[in-house]
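Beneath this line is the structure, given in structure tokens, with notes to follow.
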Amino acid sequence: MAAAGTVSNHTAREVSKIAAEVAGYADVAKRIIDLAVFGAAQNRSHRRLADFTDTIGNRVSGSHDLEMAIKYMYNAFAQDGLDVHVEPVKIPHWVRGEESAEMIAPRAKRLAILGLGSSVGTPPEGIEAEVLVVQSFEELKHRASEAIARIVVFNQPFVSYGETVAYRAYGASEAAKVGAVATLIRSITPFSINSPHTGWQDYQEGVKRIPSACITVEDAELMWRMAQRGQRIVVRLSMGAKTLPDADSFNTVAEITGWQHPEQVVLLSGHLDSWDVGQGAMDDGGGAMISWEALSLIKDLGLRPRRTMRTVLWTAEEQGGVGAQQYYDLHKVNRSNFDLVMESDLGTFTPVALQFTGSVAAQKIMAEVVKLLAPINTTTLETHGEGTDISPWMKAGVPGASLHVADSRYFWFHHSEGDTMTVQDPHDMNLCSALWAVVAYVVADLEDMLPR
């Protein structure tokens, strides 16, 4: 107990000392911000993102396009004068194939669909069946006897992504348990212009695997209204989806080696893979590019932090953080040397705050660090750093940070054909890059690591 008391007194003294130390970075923070927002690097992250996504396009786990994306970024990092290497991992390889759906009763109508990641395909002749429309898992349970040999359409309302995504993830297995032959799930989005949104889905062990696709909000509501009128709905579904053996891939790593403690690391990250629709510009091309841009800004200013600043572009995030989990498994033996892990994967719109998970003492230090962002008006520190790829580190007690942006439009475009460069704003990306670079550099250069 006495030792614990000593530590907390020591920490209180340390925090006031560190506040003064952090305030000493005001000039360097302003130089980083000026370069990113007004200087020679203005709009660079947006330009890099456009070059990358226009050249490669989308890049789903296991695809040739993802391989090309990794080679592209390896070369880009090298040309930028950064230390770069790749680390091999195994990743899922699901292929969409040809797919279509049409309503054939009570009237003929083509349905816009996107098969869900890991879904099985239909037989070659497709599946033609009557439809049962439900609005919740609860309703499906109540109407279980009606689901046998039917295609179950889920028309669940959008509450929030975190809550509503359960229908995409578990809809197929829940429907299969009551005898359904396929599922069509209302896209997980608050806004639609007849746009289906894909994503990963999880089959439960020991439950029959049935085909699963997302349909548009409009078509889900249409079929719901028809069902309410007592009309018989019949849909024909055809999906050529299949899962191939796991593919070889890589996490792509670039760094500026620390001058005093090269073994200690501040990690910045975004994921390089995307879904096989749109350009993957927003999810997560923007996060990948600002994580590169942060290193470029530091290098361009001739700065070198005490600790290593390491950018990792994860592979196969969309399949459940597959590349990141393997990175953690490989490096967790050194987790005491990981000072801070950062991830941007909720868009690079106007930054609002930094989200942070860590000890109370670390939170106090990070609250001082974000004060340095006064020139771009993002001095708020919020609790709960988040990100699929950094969550293993945070669970193990490593401090974690994520970018909170004005993301009200994020799920409009998420996992859809609408995720293109048109969504991205160069000024917003300048601000995100500046925030990312200032936070990473200052934490990497402080005299001590963040307290756990």
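Scanning the range 399-452 for residues that are hydroxyl-bearing (Ser, Thr, Tyr) and either under 30 Å from residue 160 (Cα atoms) or in contact with a Phe, Trp or Tyr (Cβ under 7 Å, 6 or more places away or on another chain) (or both) yields 402, 408, 410, 416, 420, 422, 433. Would a scan of the range 59-75 turn up a residue that is more than 17 Å from residue 274 (Cβ to Cβ), modelled with pLDDT of 95 or more and open to solvent by 10 Å² or more (accessible area, probe 1.4 Å)? Yes - at least one qualifying residue is present in the range 59-75.
Here is a yes/no grid of residues against (1) on the phi < 0 side of the Ramachandran plot; (2) buried (at least 24 other Cβ atoms within 10 Å of the Cβ); (3) not in a loop (DSSP other than H, G, I, E, B):
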| site | (1), (2), (3) |
| --- | --- |
| 226 | yes, no, yes |
| 231 | yes, no, no |
| 246 | yes, no, yes |
| 251 | yes, yes, yes |
| 288 | yes, yes, yes |
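Checked against the criterion of being surrounded by fewer than 18 Cβ atoms within 10 Å (Cβ to Cβ), farther than 25 Å from residue 92 by Cβ, out of contact with any strand residue (DSSP E or B) (no Cβ under 8 Å at 6 or more places or on another chain) and among the basic types (Lys, Arg), the range 143-160 has no qualifying residue. Among the conditions (1) without any contact (Cβ under 8 Å) to a residue 24 or more places away in the chain; (2) under 25 Å from the mean Cα position of the chain (by Cα), the only one that residue 44 does not satisfy is (1).
Checked against the criteria, residue 422 counts as surrounded by fewer than 19 Cβ atoms within 10 Å (Cβ to Cβ), of a type in the set (S, T, N, Q) and within 29 Å of residue 39 (Cα to Cα).
The single condition among (1) open to solvent by 60 Å² or more (accessible area, probe 1.4 Å); (2) not in a helix (DSSP H, G or I) that residue 353 does not meet is (1).
When 360, 322 are checked against the criterion of being in contact with a Ser or Thr (Cβ under 9 Å, 6 or more places away or on another chain) and open to solvent by 50 Å² or more (accessible area, probe 1.4 Å), 360 stands alone in meeting it.
Which residue is nearest to residue 277 (Cα to Cα), if the candidates are limited to the range 195-224 and must be open to solvent by 40 Å² or more (accessible area, probe 1.4 Å) and touching a residue at least 40 places away in the same chain (Cβ under 8 Å)?
The extreme case among them is 200.
Every test in (1) farther than 24 Å from residue 328 by Cα; (2) open to solvent by less than 10 Å² (accessible area, probe 1.4 Å); (3) touching a Ser or Thr at 6+ places or on another chain (Cβ under 7 Å) is passed by residue 400 save one, and that test is (1). When 96, 31 are screened for being farther than 29 Å from residue 440 by Cα and at pLDDT 95 or above, only 96 passes.
Could you check the range 425-440 and list, in sequence order, the residues that are open to solvent by 10 Å² or more (accessible area, probe 1.4 Å), of a type outside the set (A, V, I, L, M, F, W, C) and part of a helix (DSSP H, G or I)? Answer for the range 425-440, where residues must be open to solvent by 10 Å² or more (accessible area, probe 1.4 Å), of a type outside the set (A, V, I, L, M, F, W, C) and part of a helix (DSSP H, G or I): 426, 427, 428. Of the numbered criteria (1) touching a residue at least 12 places away in the same chain (Cβ under 8 Å); (2) surrounded by fewer than 22 Cβ atoms within 10 Å (Cβ to Cβ), the one residue 172 fails is (2). Quick check: is even one residue across the range 371-389 of a type in the set (D, E, K, R) and open to solvent by less than 40 Å² (accessible area, probe 1.4 Å)? There is at least one residue in the range 371-389 that is of a type in the set (D, E, K, R) and open to solvent by less than 40 Å² (accessible area, probe 1.4 Å). For residue 366, the conditions (1) in contact with a helix residue (DSSP H, G or I) (Cβ under 6 Å, 6 or more places away or on another chain); (2) part of a helix (DSSP H, G or I); (3) open to solvent by less than 40 Å² (accessible area, probe 1.4 Å) are fulfilled apart from (1).
The values are calculated or read from the model by the stated rules, or taken from the named source; none is laboratory data. The structure displayed is predicted, hence computed values, not measured ones. Ideal geometry is used to build each Cβ from the backbone, glycine not excepted, and the neighbour counts take in all protein chains shown. Heavy atoms of the whole protein, side chains included, go into the accessibility calculation; ligands, DNA and RNA do not. Shrake-Rupley method; radii C 1.70, N 1.55, O 1.52, S 1.80 Å.
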